[in-house]
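Scroll down for the structure; my scribbles are underneath it.
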Amino acid sequence: LPDPVPDWFSVGIHPWDYQLLQHQKDSLLAEMTLLASHPNCLAIGECGLDANLPVSQTEQIKWLIPQLEL
């Protein structure tokens, strides 16, 4: 984990970034899992679905579900 760790933080991938980060998905989700386990992590976000993106909802869901599972 980064040192020093901020007092409080959230971790997540915004829907706008899903397509740009597709090639890093497994490593990013592993890092998010590690960060989410830190006691100063208050939330998972900002994540979700965005109907106004040129990325399909199906592709967005592939990122959303693992974040909801955290």
Ignoring ligands and nucleic acids, what accessible area does E46 show with a 1.4 Å probe (Å², nearest 10)? 120 Å²
Which whole-number value in Å² is the accessible area per residue of the chain, probe 1.4 Å? 68 Å²
Residue separation times 0.36 nm, minus the C-alpha to C-alpha distance between L68 and H23: what's the value? 14.2 nm
Relative to the first principal axis of the alpha-carbon coordinates of the chain, what is the inclination of helix 57-69, with its axis defined by its Cα atoms, in degrees from 0 to 90 and to the nearest 10? 20 degrees
Normalise the Cα radius of gyration of the chain by 2.2 N^0.38 Å (N = residues in it) and let me know the number. 1.13
At 222 nm, what helix-only mean residue ellipticity would the chain give, in deg cm²/dmol to the nearest 500, using -39500 (n - 2.57) for each DSSP H run of four or more? -11000 deg cm²/dmol
Under the 0.36 nm per residue contour assumption, what length would be gained going from the current alpha-carbon distance of E59 and A30 to full extension? 8.6 nm
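So, with a 1.4 angstrom probe, what is the percent of accessible area on the chain that is carbon and sulfur?
57 percent
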Karplus 3J(HN,Hα) series, Hz, for segment 13-28 with 6.51 cos²θ - 1.76 cosθ + 1.60 (x for Gly, Pro): 10, 6, x, 4, 9, 3, 5, 5, 9, 3, 6, 10, 3, 4, 5, 5
Sorting H23, H14 by accessible area (1.4 Å probe), largest first, what list results? H23, H14
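The values are calculated or read from the model by the stated rules, or taken from the named source; none is laboratory data. Being a predicted model, the structure only gives us computed values, none of them experimental. When the accessible area is computed, the model is the full protein with side chains, heavy atoms only, and any ligands, DNA or RNA have been set aside. Shrake-Rupley method; radii C 1.70, N 1.55, O 1.52, S 1.80 Å.
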